[in-house]
Structures are given as structure tokens and as C-alpha cells.
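To keep things clear, I will list the structure first and then write my remarks on it.
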Amino acid sequence: MNSNTSDNHAIIRKGIYDDLPEMLQLFTATIDEVCKKDYDLQQLEAWKSGAENEERWRQVIRDQYVVVAVIENKIAGFCTLDQGNYIDLLFVHKDFQHRGIATLLYHQIEKEALLNHEKKLMADVSKTARPFFEKMGFHVVQEQTVLVKGIVMTNYKMVKNFII
């Protein structure tokens, strides 16, 4: 994959096993900082606890299509595609919000899905990420109440159908 650069000089590349510690750090810090306007403290703590499931994260790197955005040798964001058509994770570092990183990552994921002849992309999206996904052409199929470590949270099942 050739590395795309934008105004941010972000390099988009495939995620590797060695990226995991930095990805996990970014995951928890982003939830803490970026999502706090949409979820309460208990919800944030429950959500962040997902970082403790090492096996799940190893599986992400092993089984999913993972792309990371790197700026000045730091991971600025990452996105993962599971089973060819499900966006499992999309997180951008709090210091790199609103700089087009999520869009760059998303376009790489969409390109991969289209290469694999997928007809649509799906994602379970937080309140925080919903406006971004809508901007990318997704629509809400249903509002969901999910239990994370016994804590109730709201998210959205969203879909984007490709016109082929």
C-alpha cells in the first residue's frame, strides 16, 4: 500500500502487532477525552475496560484489516475492518481531532471493502462518532442499548450501501 499524505503529513499504513500498545493507549485516552461529552464517567470506564482484553486486541491485529495514521512517528488514529464489511474500531487521538485523519482512515477502509466487492459497510457507532459516519454516507438502522460490564450504553447500528 503506498502511503498517502495529507496536509497533516499523515502516513497511512497497515497496522502491525507492535502497534498494539500505542493503539490501546490511544483507544483509552480518546474515550476519556473525546467521548466525555456524550457518556458519563461510569460508561466511559466500562467502555475503556475493553482495552484489558488482550486476546481480543491480538485477534484484531491478526484477523482484521487494520490501518493506522502516523504523524511524526506517533499513531494519530486507527481503523479496523472485520469480515470485509464491518468497521469494528475507528479512533483518532485527541490531539489530532478535526484534521481529516478519520476521513483518511475511513477512505482506506472503504477502498478495501470495494476491492473485495462488498455491497455495504456496517458499524456499531457511538453517539460521539455518529455525525462523522453520517457525513461519510451512513444512516442509522437502529438505536441500540448495549450492556458493557453491566453498564447500559446507547449506540447506533449504521449502514452505508454502495451503489455498484
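Please pick out the residue among Ile75, Ile101, Ile61 that is in contact (Cβ under 8 Å) with a residue 60 or more places away in the chain and surrounded by 14 or more Cβ atoms within 10 Å (Cβ to Cβ).
Among Ile75, Ile101, Ile61, only Ile101 is in contact (Cβ under 8 Å) with a residue 60 or more places away in the chain and surrounded by 14 or more Cβ atoms within 10 Å (Cβ to Cβ).
Taking Glu112 and the conditions (1) modelled with pLDDT of 95 or more; (2) outside any helix (DSSP H, G or I); (3) surrounded by fewer than 20 Cβ atoms within 10 Å (Cβ to Cβ), which numbered condition does it fall short on, given that it satisfies the others?
Just one mismatch for Glu112, condition (2).
When you scan region 71-92, do you find a residue that is of a type in the set (D, E, K, R), under 24 Å from Asn155 (Cα atoms), assigned to a helix (DSSP H, G or I) and modelled with pLDDT of 95 or more, even just one?
no
Give Asn161, Asn85 a once-over and let me know the one that is over 24 Å from Gln59 (Cβ atoms) and out of contact with any His (no Cβ under 6 Å at 6 or more places or on another chain).
Asn161
Give region 12-44 a look and list any residue that's over 17 Å from Ala129 (Cα atoms), in contact (Cβ under 8 Å) with a residue 12 or more places away in the chain and not in a strand (DSSP E or B), or say none.
Matches in region 12-44: Gly15, Ile16, Tyr17, Asp19, Leu20, Glu22, Met23, Leu24, Gln42.
Please count how many residues of region 115-159 are basic (Lys, Arg), part of a helix (DSSP H, G or I) and in contact with a strand residue (DSSP E or B) (Cβ under 7 Å, 6 or more places away or on another chain).
Adding up the residues that qualify gives 1.
The values are calculated or read from the model by the stated rules, or taken from the named source; none is laboratory data. Everything quoted here is computed from the prediction, not taken from an experiment. Glycine gets a Cβ as well: all are built from the backbone with ideal geometry, and neighbour counts include every protein chain shown.
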